[in-house]
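Okay, structure first, notes after.
The values are calculated or read from the model by the stated rules, or taken from the named source; none is laboratory data. Only a predicted model underlies this, so the values are computations on that prediction, with no experimental measurement involved. Cβ sites come from the backbone with ideal geometry, for glycine too, and all protein chains shown count toward neighbours.
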Amino acid sequence: MSALELFSPAGLAPFCAFLAAAVLALVPSWRVGAWINVAASCLCFLAACWLPWLVGTGGPLLLVDRLAAHLALLTAFVAMTTSWFSLSYVNAEIAAQRIDRRRLRLYHAMYQLFVGGMLLALLSNNLGLTWVAIETATIAAALLVGLGRTSAAMEASWKLFIICGVGIVLALFGTALLYLAALPAVGPGLPAMNWSTIIPAAGRCNGPLLNLGFVFLLIGYATTAGLVPLHAWMADTYAEGPTPASAVLAGSMLNVALLVILRLRGIMAANATAIDPGPPIMALGLLSLLLAAFSLWRQRDVKRFFAFSTIGQSGVVAFAFGLGGPAAIFAGVLHMTLHTLIHASVFQCVGRAARLKGGQTFADIGGLIAAHRMFGLTLAAGIVALAALPPFGLFASEFLIVADTLRRAPLASIPLGIGLVAGAWALIMRLQSLCLGTPTPDRRSPPNTLAPDALALAPVWLQLAIVLLLGLAMPGPVVAWFTAIAGAAR
Amino acid sequence: MHASPTFGVLAHDVAHLLGGAMLVLSFVLLYQRRLTAMIHVYALQSLVLAAAAAWQGWAQGATPLYLVALIALAAKGIAIPIALRRILDRANIRREIETALGIFPSIILGLALVALAILVVPPGALRESLAFALSVVLLGMLTMIARRNALAQVIGFLSLENGLILAAVGIEGMPLVAELSIAVLVLLACVVCGVCFFRIRERFDSLDVSHLDRAGEAHR
């Protein structure tokens, strides 16, 4: 096997991130570290921009297909904008003496390690390599979340670690079973663990073993995807971890796991002796959507609230993937892209709002538009986009999913509709308390944090502008790109 | 279990014997109420795993499996149990642990899980070894669920992972098995470090280190 593949053009993006992690672990100054973090994230994004032209390349370890290239690009983009947010976050935390300077070195190194792990998992061809990459990212995420060293943060970190740890161990068991199932079709050795060889030979795999492997891989990676009933780690992690960590976690962790589930679905669907993978995935998705939609009503903590909205959106994507077919997968990938961008924006805004108000409950944050017009409007736009109201893009993707459901599985559209409406309703209710009404007082204690200016909000605007554009008028090449992804995924 | 074509072949018989021993130790882990005893049983299970991996390495003629056996012997059989014992000695925690599930119900549930494992594994050359491994995995999960104590849950997790490695070594010609074994070991080391961190702070009667950052209470 060639570890050298990481140096090929396809491996450039994860390589950048891993290199940055190593450098950051050695740089003692947190100021320099924060800037290196931004520079490395930009470089990583540039490297990821190359990926769409590399589609079809790869070797035994790396595979660049359209979907992987698309998601890697998305992950690198969100990591880049979040690193910009992280810069001001770190400055404010240091100024407020809420964080130990030495710990920031760990923070920056883990940030890059997490992003690198996620990119590698997306681009990996080999299930074993995917597993190792997800494991790396999980460990990095647990360390990131525990950064605050408060008891709540430690507990959240431990919860993430143990629940996701059990999940990924089960996924590894599933990987071994999948290898065993692919053995008669592909023959022994590395190819029987590679997507690029298993997918074309899916029809000749051992069906019963494939079923067993599917169950373990689904349970394992559904934990990482935060699907109900394996979502227990999500809310604590998002609420207690540093806000930049919440933003990148919301963006990438779920997408990686959903990518694996989608590919697995393709293999199962192509095998006549295996069970139909659609219903279990759809059931998990619907359950997540419904539970999240109703949990939204009970949350007092803003970050916890948006953690549940992430679970709900992950559920919608899983449902679309479970439904299958070009239209639903088109909508699912679009939905995944858009909600990643919106959640990153919203978490970045919420982090700034929590800093401004000195608290992260709904009681602390209110009336943002009256006090800080530009900032409040930006957050309001983010929440409207998340509620899938037009003119934002999520409306289009949800419309496509609902339409396809009505056509092909009419009964499932009832819980789907209830979940979508209840979730959107909760979001709009909270929008009113967060952004409208009388403003709550800003924090008085030093340092006097100012409302974010245009420079600070620029990445959020960029993200929301993309979401708006994809909602109003999707450019032709983008449609072709998404159609090709959906066509290839089957 | 039906008589498989591999029955009577020495390589498979010894592998099944070792797998069966691991399964029995999983049951012992399930009803054990004392933390020290749980650690010892885990160490013993890891040693059996090391023997199983070494045996498979010899039977399959696969050198990487000796590395897996070495990891199981040195890290899981010796280092991790010693680390857990030291955590236990240093932290002043009660040795008797609360169980969320009584002994009888957990044994019955464990038997049901073994039956389930035998039922779901499709017939084939590897049926027995897969069923053993799957049972160990499921019993590890049950141990995690049946205990309230964090350390006991961690031991359940460690034992679950032993089942995983047992499955991996039983599959002939499985690629990357040594690499994956090392990667899993990293995960286990992190778990043990995490426990260590928790225990040390529990000794100060509080999980909270608010003396480090009192200002950070309300805000993150």
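Would you call A:S314 hydroxyl-bearing (S, T, Y) and touching a His at 6+ places or on another chain (Cβ under 9 Å)?
Details: hydroxyl-bearing (S, T, Y): yes; touching a His at 6+ places or on another chain (Cβ under 9 Å): yes.
In short, yes.
Being assigned to a helix (DSSP H, G or I) and surrounded by fewer than 13 Cβ atoms within 10 Å (Cβ to Cβ), is that true of even one residue in segment A:436-456?
The first filter runs over segment A:436-456 and keeps only residues assigned to a helix (DSSP H, G or I), leaving A:454-456.
Then drop every residue that is not surrounded by fewer than 13 Cβ atoms within 10 Å (Cβ to Cβ), which leaves A:454-455.
Within segment A:436-456 (the criterion being assigned to a helix (DSSP H, G or I) and surrounded by fewer than 13 Cβ atoms within 10 Å (Cβ to Cβ)), the answer is yes, since at least one residue qualifies.
Would you confirm whether or not segment A:104-123 contains a residue that is within 12 Å of chain B (Cβ to nearest Cβ) and out of contact with any helix residue (DSSP H, G or I) (no Cβ under 6 Å at 6 or more places or on another chain)? First the steps, then the outcome.
Taking segment A:104-123 first, the residues within 12 Å of chain B (Cβ to nearest Cβ) are A:117.
Filter again for out of contact with any helix residue (DSSP H, G or I) (no Cβ under 6 Å at 6 or more places or on another chain), leaving none.
Looking through segment A:104-123, none of the residues is within 12 Å of chain B (Cβ to nearest Cβ) and out of contact with any helix residue (DSSP H, G or I) (no Cβ under 6 Å at 6 or more places or on another chain).
Being surrounded by 17 or more Cβ atoms within 10 Å (Cβ to Cβ), more than 14 Å from chain A (Cβ to nearest Cβ) and touching a Gly at 6+ places or on another chain (Cβ under 8 Å), is that true of even one residue in segment B:76-98?
For segment B:76-98, residues surrounded by 17 or more Cβ atoms within 10 Å (Cβ to Cβ), more than 14 Å from chain A (Cβ to nearest Cβ) and touching a Gly at 6+ places or on another chain (Cβ under 8 Å): absent.
Go through (1) at pLDDT 90 or above; (2) of a type in the set (A, V, I, L, M, F, W, C); (3) assigned to a loop (DSSP other than H, G, I, E, B) for B:A21 and report which single condition fails.
Here B:A21 meets the rest and fails (3).
Report yes if A:A137 is more than 11 Å from every other protein chain (Cβ to nearest Cβ) and assigned to a helix (DSSP H, G or I), otherwise no. Don't jump to the end; show me each part of the working.
On the way: more than 11 Å from every other protein chain (Cβ to nearest Cβ): yes; assigned to a helix (DSSP H, G or I): yes.
For A:A137, the condition - more than 11 Å from every other protein chain (Cβ to nearest Cβ) and assigned to a helix (DSSP H, G or I) - is met.
Residue by residue, here is whether (1) in a helix (DSSP H, G or I); (2) crowded, with 24+ Cβ neighbours inside 10 Å; (3) in contact (Cβ under 8 Å) with a residue 40 or more places away in the chain; (4) at the interface with chain B (Cβ under 10 Å from one of its Cβ atoms) holds:
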position: A:A142; (1), (2), (3), (4): yes, yes, no, yes
position: A:A152; (1), (2), (3), (4): yes, no, yes, yes
position: A:E155; (1), (2), (3), (4): yes, no, yes, yes
position: A:F173; (1), (2), (3), (4): yes, yes, yes, yes
position: A:L183; (1), (2), (3), (4): yes, no, no, yes
position: A:P188; (1), (2), (3), (4): no, no, no, yes
position: A:T197; (1), (2), (3), (4): yes, no, no, no
position: A:P200; (1), (2), (3), (4): no, no, no, no
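What residue, of A:V346, A:V260, A:V256, A:V333, is at pLDDT 90 or above and out of contact with any Phe, Trp or Tyr (no Cβ under 7 Å at 6 or more places or on another chain)? Outline the logic, then answer.
Numbers: A:V346 fails: out of contact with any Phe, Trp or Tyr (no Cβ under 7 Å at 6 or more places or on another chain); A:V260 fails: out of contact with any Phe, Trp or Tyr (no Cβ under 7 Å at 6 or more places or on another chain); A:V333 fails: out of contact with any Phe, Trp or Tyr (no Cβ under 7 Å at 6 or more places or on another chain).
Only one candidate qualifies: A:V256.
The rows are residues; the columns are (1) small (G, A, S); (2) in contact with a helix residue (DSSP H, G or I) (Cβ under 7 Å, 6 or more places away or on another chain); (3) at pLDDT 90 or above; (4) on the phi < 0 side of the Ramachandran plot.
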residue	(1), (2), (3), (4)
A:V145	no, yes, no, yes
A:L190	no, no, no, yes
A:A222	yes, yes, yes, yes
A:A225	yes, yes, no, yes
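Being surrounded by 24 or more Cβ atoms within 10 Å (Cβ to Cβ), under 30 Å from A:A192 (Cβ atoms) and within 14 Å of chain B (Cβ to nearest Cβ), is that true of even one residue in segment A:76-87?
no
Determine whether A:V169 is touching an Asp or Glu at 6+ places or on another chain (Cβ under 6 Å) and either within 10 Å of chain B (Cβ to nearest Cβ) or not in a helix (DSSP H, G or I) (or both).
Working: touching an Asp or Glu at 6+ places or on another chain (Cβ under 6 Å): yes; either within 10 Å of chain B (Cβ to nearest Cβ) or not in a helix (DSSP H, G or I) (or both): yes.
Judged against the criteria, A:V169 is a match.
Give B:V136, B:V114, B:V120 a once-over and let me know the one that is touching a residue at least 60 places away in the same chain (Cβ under 8 Å), within 22 Å of A:G167 (Cα to Cα), out of contact with any Pro (no Cβ under 8 Å at 6 or more places or on another chain) and surrounded by fewer than 23 Cβ atoms within 10 Å (Cβ to Cβ). Don't jump to the end; show me each part of the working.
Details: B:V136 fails: surrounded by fewer than 23 Cβ atoms within 10 Å (Cβ to Cβ); B:V120 fails: touching a residue at least 60 places away in the same chain (Cβ under 8 Å).
Result: B:V114 is the single residue among B:V136, B:V114, B:V120 that is touching a residue at least 60 places away in the same chain (Cβ under 8 Å), within 22 Å of A:G167 (Cα to Cα), out of contact with any Pro (no Cβ under 8 Å at 6 or more places or on another chain) and surrounded by fewer than 23 Cβ atoms within 10 Å (Cβ to Cβ).
What pairs come up if the first residue lies in segment A:445-461 and is hydrophobic (A, V, I, L, M, F, W, C), the second is modelled with pLDDT under 80, and their beta carbons are under 9 Å apart, counting only those six or more places apart or on different chains?
Cβ pairs passing all conditions: A:A451/A:D442; A:V460/A:P452; A:W461/A:A454.
So which residues in segment A:233-243 are more than 13 Å from every other protein chain (Cβ to nearest Cβ) and either touching a Gly at 6+ places or on another chain (Cβ under 6 Å) or of a type in the set (A, V, I, L, M) (or both), if there are any at all? Can you show your working first?
Filtering segment A:233-243 down to residues more than 13 Å from every other protein chain (Cβ to nearest Cβ) leaves A:233-235.
Scanning segment A:233-243 gives A:M234, A:A235.
Each row is one residue, and each column tells you yes or no for (1) at pLDDT 90 or above; (2) assigned by TED's automatic domain parsing to the domain that holds A:A72; (3) within 26 Å of the chain's Cα centre (by Cα); (4) within 22 Å of A:I311 (Cβ to Cβ).
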| site | (1), (2), (3), (4) |
| --- | --- |
| A:G417 | yes, no, yes, yes |
| A:T440 | no, no, no, no |
| A:S445 | no, no, no, no |
| A:G471 | no, no, yes, no |
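Pairs under 8 Å by beta carbon, first residue among the hydroxyl-bearing types (S, T, Y) and surrounded by fewer than 20 Cβ atoms within 10 Å (Cβ to Cβ) in segment A:463-483, partner in a helix (DSSP H, G or I) and modelled with pLDDT of 85 or more, six or more apart or different chains?
From residues that are among the hydroxyl-bearing types (S, T, Y) and surrounded by fewer than 20 Cβ atoms within 10 Å (Cβ to Cβ), the pairs are A:T483/A:P326; A:T483/A:F330.
Suppose the filter is surrounded by fewer than 18 Cβ atoms within 10 Å (Cβ to Cβ) and at pLDDT 90 or above; does B:L70 pass it?
Numbers: surrounded by fewer than 18 Cβ atoms within 10 Å (Cβ to Cβ): yes; at pLDDT 90 or above: yes.
It is true that B:L70 is surrounded by fewer than 18 Cβ atoms within 10 Å (Cβ to Cβ) and at pLDDT 90 or above.
Would you tally the residues in segment B:121-177 being facing chain A (nearest Cβ under 8 Å) and either among the acidic types (D, E) or in contact with a strand residue (DSSP E or B) (Cβ under 6 Å, 6 or more places away or on another chain) (or both)?
The qualifying residues number 3.
Out of (1) crowded, with 22+ Cβ neighbours inside 10 Å; (2) within 17 Å of A:T138 (Cβ to Cβ); (3) more than 10 Å from every other protein chain (Cβ to nearest Cβ), the odd one out for B:L185 is which?
Among (1) crowded, with 22+ Cβ neighbours inside 10 Å; (2) within 17 Å of A:T138 (Cβ to Cβ); (3) more than 10 Å from every other protein chain (Cβ to nearest Cβ), B:L185 violates only (1).
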